[in-house]
Amino acid sequence: MAAVLALVPALSRAAAPPGSVPRFDFPKSGLELTRHTESGKFFDVVGRRSAVFGYENRALEAWVYPLKLVDDFKLSFQLAGYPLEIEGAQIATGISVRPESTTFTYSHAGFTVRQTIFAPMDEPGLVMLLDVQSVLPLTVIGSFRPRLKLMWPAGLMTNNVGWDEKEQVYSLTEESKRFAAVIGTPGARDVSLMPYQEEPRDVPVRFVVDVGPDAARTHLHSPAPLLRMLNRTLGEDTTFADLPVRFQCCAASIERAAEHWFTDGPLVPAVLASSAVPGLLPPVTLDGEHFIDGGVVNSIPVGRAVEQGARTIYVLQVGRVDRPLRPPKRHLDVAQVTFEIARRHRFAREMADLPDGVTAHVLPTGGGSPRDDSPLAYRNLSAASTRIERAYRASAAYLDDL
């Protein structure tokens, strides 16, 4: 009996090395449950002849019946220039379950990796697909303990492990030669620690897959989920002229290094361009021009409102202009503090230059916590409703006092 476990990286089509799979989107069937990971919750991915079992935020085990192939399988990651290895269990943020597969999302400031585990219906094998999106060259590190043991009697088999550098696979065999398994991934390198006499025998097998700079991306997230939400909420064919209240939005043109105001035409592409936060989402291309989030050039456009004839202005700011800045302590803080200085400077100048007869009200956020200032806070959707309710109550009280 032979069994197969494959770990396959999925990269951009232009950068995919031999053996990897060009990135593709899964078809939507409607049968999908998605939530944040919960430490210690059991999960499984099951076919008729194979299965993966484990607990969220922990290692997993893989079976091809009646054999356990491996246990203690886990992923970790290392960014170029970063000395520390980042354990996948510590940054697992989401789980998505479909009838045929389960996907775990590992999120870091510098990369996002989606691990999709698939158990074929009637085949003696398992597939793990890694969708890698990184702003820097990334090394994916996998480790596992080979077992190749029957469910019962499990203790009567001794496995042997071999690595084939050319085929980039591990072969698992046992002394009776009745069973064998192959575990492999395209582009892998074996970095296992050999079990010398003075070291423990049961050390994990380790391999690495390098995602080179050509396969790295300029953004962490696909715009597809945001686009679907905008089409569903605003209407795919809605234009600016269809809105009951006049609306404009700003984006930054890369080619012109200038702000661009969308005032007519299709609504959804304009809002998507205005929301394309650099590093998180890709630029939006409209008529051959590339646009990113308008906050880069005009985050709180008080001056624009004055130009349009407004005499009473209400500023619903979603940033941190009401909280003092502090010197950066980490490299991630540098860009955030620099951006805050630029946006606050323009906002303060436009507020100071308000003409006579124009009143501006900056609505309060209701306070916050230091965790809200983290560049990763946007991923904590569980706290979003709390922030919204807090700002609503504070703004309502402010308006009642006018």
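How many residues, within segment 248-273, are part of a helix (DSSP H, G or I), among the small types (Gly, Ala, Ser) and surrounded by fewer than 20 Cβ atoms within 10 Å (Cβ to Cβ)?
Quick first cut of segment 248-273, residues part of a helix (DSSP H, G or I) only: 267-273.
Next cut, among the small types (Gly, Ala, Ser) only: 270, 273.
Subsequent filtering for residues that are surrounded by fewer than 20 Cβ atoms within 10 Å (Cβ to Cβ) retains none.
Counting residues in segment 248-273 that are part of a helix (DSSP H, G or I), among the small types (Gly, Ala, Ser) and surrounded by fewer than 20 Cβ atoms within 10 Å (Cβ to Cβ) gives 0.
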Note on segment 46-55: residues over 9 Å from ALA119 (Cβ atoms) and buried (at least 18 other Cβ atoms within 10 Å of the Cβ) are GLY54
Output the number of residues of segment 83-117 satisfying the condition of being open to solvent by 30 Å² or more (accessible area, probe 1.4 Å), in a strand (DSSP E or B) and over 17 Å from VAL132 (Cα atoms).
1
Which residue pairs have Cβ atoms closer than 6 Å, lie 6 or more positions apart in sequence or on different chains, and pair a first residue in segment 80-108 that is closer than 15 Å to PRO137 by Cβ with a second residue that is among the hydrophobic types (A, V, I, L, M, F, W, C) and buried (at least 18 other Cβ atoms within 10 Å of the Cβ)?
ILE86/PHE77; HIS108/ILE91
Flag for ARG323 being touching a residue at least 40 places away in the same chain (Cβ under 8 Å), out of contact with any Cys (no Cβ under 6 Å at 6 or more places or on another chain), farther than 26 Å from PRO355 by Cβ and charged (D, E, K, R):
yes
Is it the case that segment 352-364 has a residue that's at pLDDT 90 or above, open to solvent by 60 Å² or more (accessible area, probe 1.4 Å), part of a helix (DSSP H, G or I) and farther than 24 Å from THR93 by Cβ?
yes
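Could you count how many residues in segment 281-313 are assigned to a loop (DSSP other than H, G, I, E, B), of a type outside the set (S, T, N, Q) and crowded, with 18+ Cβ neighbours inside 10 Å? Show your work before the answer.
Going residue by residue through segment 281-313, those that are assigned to a loop (DSSP other than H, G, I, E, B) are 281-283, 287-288, 294, 299-301, 308-311.
Checking which are of a type outside the set (S, T, N, Q) leaves us with 281-283, 287-288, 294, 300-301, 309-311.
With the extra rule that they be crowded, with 18+ Cβ neighbours inside 10 Å, the set shrinks to 281, 283, 294, 300-301.
The number of residues fulfilling the criteria is 5.
What tally of residues in segment 109-125 results from selecting those that are over 22 Å from PRO137 (Cβ atoms) and among the polar types (S, T, N, Q)?
Start the filter on segment 109-125 by keeping residues that are over 22 Å from PRO137 (Cβ atoms), which leaves 116-125.
Subsequent filtering for residues that are among the polar types (S, T, N, Q) retains 116.
Counting residues in segment 109-125 that are over 22 Å from PRO137 (Cβ atoms) and among the polar types (S, T, N, Q) gives 1.
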Which ones in segment 125-173 are open to solvent by less than 10 Å² (accessible area, probe 1.4 Å) and farther than 26 Å from ARG114 by Cα?
LEU148, LEU172
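So which residues in segment 314-323 are surrounded by fewer than 17 Cβ atoms within 10 Å (Cβ to Cβ) and part of a loop (DSSP other than H, G, I, E, B)?
Within segment 314-323, the first condition is being surrounded by fewer than 17 Cβ atoms within 10 Å (Cβ to Cβ), and the residues that meet it are 314-320, 322-323.
If the condition is that a residue be surrounded by fewer than 17 Cβ atoms within 10 Å (Cβ to Cβ) and part of a loop (DSSP other than H, G, I, E, B), then LEU316, GLN317, VAL318, GLY319, ARG320, ASP322, ARG323 are the ones that fit.
The values are calculated or read from the model by the stated rules, or taken from the named source; none is laboratory data. Remember, predicted model here, so these are calculated numbers, not experimental data. Every residue, glycine as well, gets a Cβ built from its backbone with ideal geometry; the counts of neighbours run over all protein chains shown. The accessibility values were calculated without ligands, DNA or RNA, using every heavy atom of the protein model including side chains. Shrake-Rupley method; radii C 1.70, N 1.55, O 1.52, S 1.80 Å.
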